[in-house]
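One structure is given below, encoded as structure tokens.
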Amino acid sequence: MQPQKHILVLSSWYPNPKQPFLGNFIQRQAHLLSEVYQVSVIHSFEDKNSNEVRIEKKSTECLKEIRIHIPPIKSIFKKRKEQIRSFKKALQSLDNVDLIIGSIALPKAWQFLLAKKHFNCPLFYTEQGSYFRPEIKNKWKFPEKFLLRKLNKKADAIFPVSYFLKKDMLPFFSEKKMTVIGNSVDENLFSLSPDIENEKTHFLHISTLDEKTKNPMGIINAIELLSNKTGEFVFTFVCDENATKWEKIIQEKGLESYVYFEGPVHWETIPSYYHKADAFVLFSNYETFSIVLAEAWTTGTPCITTPVGIAENIDESLGVTVQPENEQQLANEMFSFIQQKKKYDKEQIRAHAHRFFKKEILKQWEQAIEKIFQN
């Protein structure tokens, strides 16, 4: 029996120090791969509560997680020197690595490249960052452009998480073949919603409420427009971030009887919110994937969404699309949903989400990994 291949997972995205090891996407990817391979993960981040560099390790049978706590350093040059020194030290603590998977290039693609040089092994570059959209890409400075050029040259394969993102990446990575592999959803945890008849139509939104992309103000304005037509609905926001600002706006608009905020919540309880909802609402200006849509569909919940990420060209059996920032259109579609009480086929919606199930995404990664070692 051949020994398991050792995969090193790196990412430019790092978690809040108060959160558990890793976080959402990177954590899920690492744990998913660890079902088949030996996986190590290295994360480095600035820790304001630390006075010195501290390397923290946590291991299970097939997964080793290394977090590098770096104290605040004012000098940019000293900070980068310490980042490189501590990262190299973390690399030296690992046995031979067969493959590196670097996720989200900016701003830490230098780690992907350094690790590739250190272990002299293939590098997979996966992307789900939103900085390839035109209004951000046009503001890139030399360091960003330099890192991406180096990554374009050194990466052995590139994997955007959606075809929507792939189109935005093509101008920069036109010489490399890109294969889309999406984020995964735990199909057992996100079970099919039971048949529940809510007294009022229940809308749901789950996100960070980031104003740059999620447009929470636009949703609230649409809710206000909807409340002028009917009171037969409730709207729940689930968010791990502080929602005090938004709660105040809801009070100022007199929408307290319609809108509720929940969070932070435990990961295992998230499916229950989809189960209670009649429709999921996404009003983002931009998404590279949108895991919440995949989760909603896995539970059989229809959506009202902008055509972003995996919702770029959705079938009408999954819900409806509205144009970004068109608050009146969003309000109208929510009103139509309440009035028409259209019955969506939950089984059909979940069947569409099958391509994002853990077992399907793992199969795609296995195929890509085995292919690189066959060449």
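Coordinate-derived values only; no laboratory data. Computed from a prediction, not measured in an experiment: that's the story for all the values here. Don't worry about glycine lacking a Cβ; one is built from the backbone with ideal geometry, like all the others, and counts go over all protein chains shown.
Only a single item in (1) of a type in the set (D, E, K, R); (2) without any contact (Cβ under 8 Å) to a residue 60 or more places away in the chain; (3) surrounded by 19 or more Cβ atoms within 10 Å (Cβ to Cβ) is not met by Glu197, and it is number (3). Can you tell me which residue within segment 200-243, out of those that are free of Cβ contacts under 8 Å to residues at least 40 places away in the same chain and among the β-branched types (Val, Ile, Thr), is surrounded by the fewest Cβ atoms within 10 Å (Cβ to Cβ)? Checked segment 200-243; the qualifying residue surrounded by the fewest Cβ atoms within 10 Å (Cβ to Cβ) is Thr208. A Cβ distance below 7 Å, combined with a sequence gap of six or more or placement on separate chains, defines the contacts here; from segment 31-54, residues that are part of a strand (DSSP E or B) reach residues that are of a type in the set (Asp, Glu) in the pairs Val41/Glu65.
Of everything in segment 129-183, what is in a strand (DSSP E or B) and among the small types (Gly, Ala, Ser)? Give them in sequence order. Quick ask: steps written out before the conclusion?
Step one: list which residues in segment 129-183 are in a strand (DSSP E or B), which gives 157-160, 178.
Within segment 129-183, just Ala157 meets the criteria.
Could you tell me whether any residue of segment 59-74 is touching a Cys at 6+ places or on another chain (Cβ under 9 Å), touching a residue at least 12 places away in the same chain (Cβ under 8 Å) and surrounded by 19 or more Cβ atoms within 10 Å (Cβ to Cβ)? No: segment 59-74 contains no residue that is touching a Cys at 6+ places or on another chain (Cβ under 9 Å), touching a residue at least 12 places away in the same chain (Cβ under 8 Å) and surrounded by 19 or more Cβ atoms within 10 Å (Cβ to Cβ).
Can you list the helices (runs of 4 or more DSSP H) lying wholly within segment 291-360 that have 1 or more residues being closer than 30 Å to Leu32 by Cα?
Numbers: elements: 291-298, 327-340, 346-352.
Helices (runs of 4 or more DSSP H) meeting the threshold: 291-298, 346-352.
In the set Leu189, Leu170, Leu151, Leu147, only one residue is exposed (fewer than 15 other Cβ atoms within 10 Å of the Cβ), farther than 30 Å from Gln251 by Cα and touching a residue at least 40 places away in the same chain (Cβ under 8 Å); that residue is Leu189.
Look at segment 330-359 and say how many of its residues are of a type outside the set (Ser, Thr, Tyr) and surrounded by 16 or more Cβ atoms within 10 Å (Cβ to Cβ).
We begin by selecting, within segment 330-359, every residue of a type outside the set (Ser, Thr, Tyr); these are 330-335, 337-343, 345-359.
When the remaining residues are screened for being surrounded by 16 or more Cβ atoms within 10 Å (Cβ to Cβ), the result is 330-335, 337-338, 346, 349-350, 352-353, 356-358.
Residues meeting the conditions: 16.
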